[in-house]
1. Check off (1) under 15 Å from residue 284 (Cα atoms); (2) under 15 Å from the mean Cα position of the chain (by Cα); (3) in a helix (DSSP H, G or I) for residue 262 and give me the number that stays unchecked.
2. I'm checking my understanding of the structure. Among residues of the stretch 146-158 that are touching a strand residue (DSSP E or B) at 6+ places or on another chain (Cβ under 8 Å) and farther than 18 Å from residue 239 by Cα, which one is surrounded by the most Cβ atoms within 10 Å (Cβ to Cβ)?
3. Please work out which residue is surrounded by the most Cβ atoms within 10 Å (Cβ to Cβ), limiting yourself to the stretch 104-142 and to residues that are within 14 Å of ligand 1 (Cβ to nearest atom) and part of a loop (DSSP other than H, G, I, E, B).
4. Only one of 253, 279 is more than 16 Å from ligand 2 (Cβ to nearest atom), surrounded by 15 or more Cβ atoms within 10 Å (Cβ to Cβ) and within 18 Å of residue 11 (Cα to Cα). Can you tell me which?
5. Given the residues 168, 186, which is the only one that is over 19 Å from residue 21 (Cβ atoms), in contact (Cβ under 8 Å) with a residue 12 or more places away in the chain and in contact with a strand residue (DSSP E or B) (Cβ under 6 Å, 6 or more places away or on another chain)?
6. Looking at 106, 88, which one is within 13 Å of ligand 2 (Cβ to nearest atom), at pLDDT below 95, within 19 Å of the chain's Cα centre (by Cα) and over 16 Å from residue 143 (Cα atoms)?
7. Return the pairs, sorted by first residue and then second, in which the second residue is more than 11 Å from ligand 1 (Cβ to nearest atom) and modelled with pLDDT under 95, the first residue lies in the stretch 238-264 and is farther than 16 Å from residue 191 by Cα, the beta carbons are less than 6 Å apart, and the residues are 6+ apart or on different chains.
8. Identify, please: which residue in the stretch 91-103 is buried (at least 18 other Cβ atoms within 10 Å of the Cβ) and away from ligand 2 (no atom under 13 Å from the Cβ) and is, among those, nearest to residue 266 (Cα to Cα)?
Ligand code: PEP
Ligand code: MG
């Protein structure tokens, strides 16, 4: 029976009551597409484009970009693919974008801020994506990293729509835009929460610094309360709210995130099977009850323990 279960085709992500929770892959190059599909990824929830160009000294040509995007989008023809425009700066330095001399790169000209200061690069990237998908035929969504204001949200989504991308959204990874998600989602078609940076900025703890790693925990109720605000804003506007940070790969935290209003989860492909199994154990009412228990804790350890206790208690 075990062998039969293992060779059975993997189904889509859903809760015990049938509520769909599409499970998507985080990828950094088209090379990971096959593995993601083999793990049952229903699409791509975060394609990190900066990894394609980390060693480029100059901005990549539209042609070089189009070839990379076409390879990815063709592999996921007919499926959702969320591509993030270049996230330069801090932990992802790109020689041709951003300012390498900053004292505090995590708080500097990074992500959308750097692209806006070099708008030609942003326009080229969006155009290359639209062109690549004209042939590939994926359900292409684009999103901007490190958005911190409603005005930036409108700037990016308007530009993407103008350049032919139908579905344009923002990453929510800065607390200011999580707090203003109800305003931002008046402009954006969707939001995707990046829990890695959202935790870093909420806790004021550098995600790369071992000495403060204890604070870099997405179970922290301060982070979960922000996720809940974004989830509520998504429900109000009827717009999708995904999760694409590492938090989505934690099987119990994934249930909490759905209970807080996340409509899709994106993660490293190796985590998909365990998250799929975990979601299938709970209906939406249980996920909300477990999430509520976590929200009421004082700290990350308390939230994890409260969620675990709630998950083991029958309704
Ligand atoms: C995040 O910040 O959670 C995220 C998904 O983006 P990255 O890890 O690439 O910064
Ligand atoms: Mg990030």
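The values are calculated or read from the model by the stated rules, or taken from the named source; none is laboratory data. This is a predicted model, so every value here is computed, not measured. Cβ placement follows ideal geometry from the backbone for every residue including glycine, while neighbour counts extend to all protein chains displayed.
1. For residue 262, the exception is condition (3).
2. Residues of the stretch 146-158 touching a strand residue (DSSP E or B) at 6+ places or on another chain (Cβ under 8 Å): 146-147, 152-153, 156-157.
Within this subset, residues satisfying the condition of being farther than 18 Å from residue 239 by Cα are 146, 152.
Details: 146: 26, 152: 21.
Selected residue: 146.
3. Applying the filter and picking the extreme gives 111.
4. On the way: 253 fails: within 18 Å of residue 11 (Cα to Cα).
After applying the criteria, what remains is 279.
5. Numbers: 186 fails: in contact with a strand residue (DSSP E or B) (Cβ under 6 Å, 6 or more places away or on another chain).
Answer to the selection: 168.
6. Numbers: 88 fails: over 16 Å from residue 143 (Cα atoms).
Being within 13 Å of ligand 2 (Cβ to nearest atom), at pLDDT below 95, within 19 Å of the chain's Cα centre (by Cα) and over 16 Å from residue 143 (Cα atoms) holds for just one of 106, 88, which is 106.
7. If the second residue must be more than 11 Å from ligand 1 (Cβ to nearest atom) and modelled with pLDDT under 95, no pairs are left.
8. Keep residues of the stretch 91-103 that are buried (at least 18 other Cβ atoms within 10 Å of the Cβ), which gives 92, 94, 97-98.
Checking which are away from ligand 2 (no atom under 13 Å from the Cβ) leaves us with 94, 97-98.
Values: 94: 24, 97: 27, 98: 27 Å.
Among them, the one singled out is 94.
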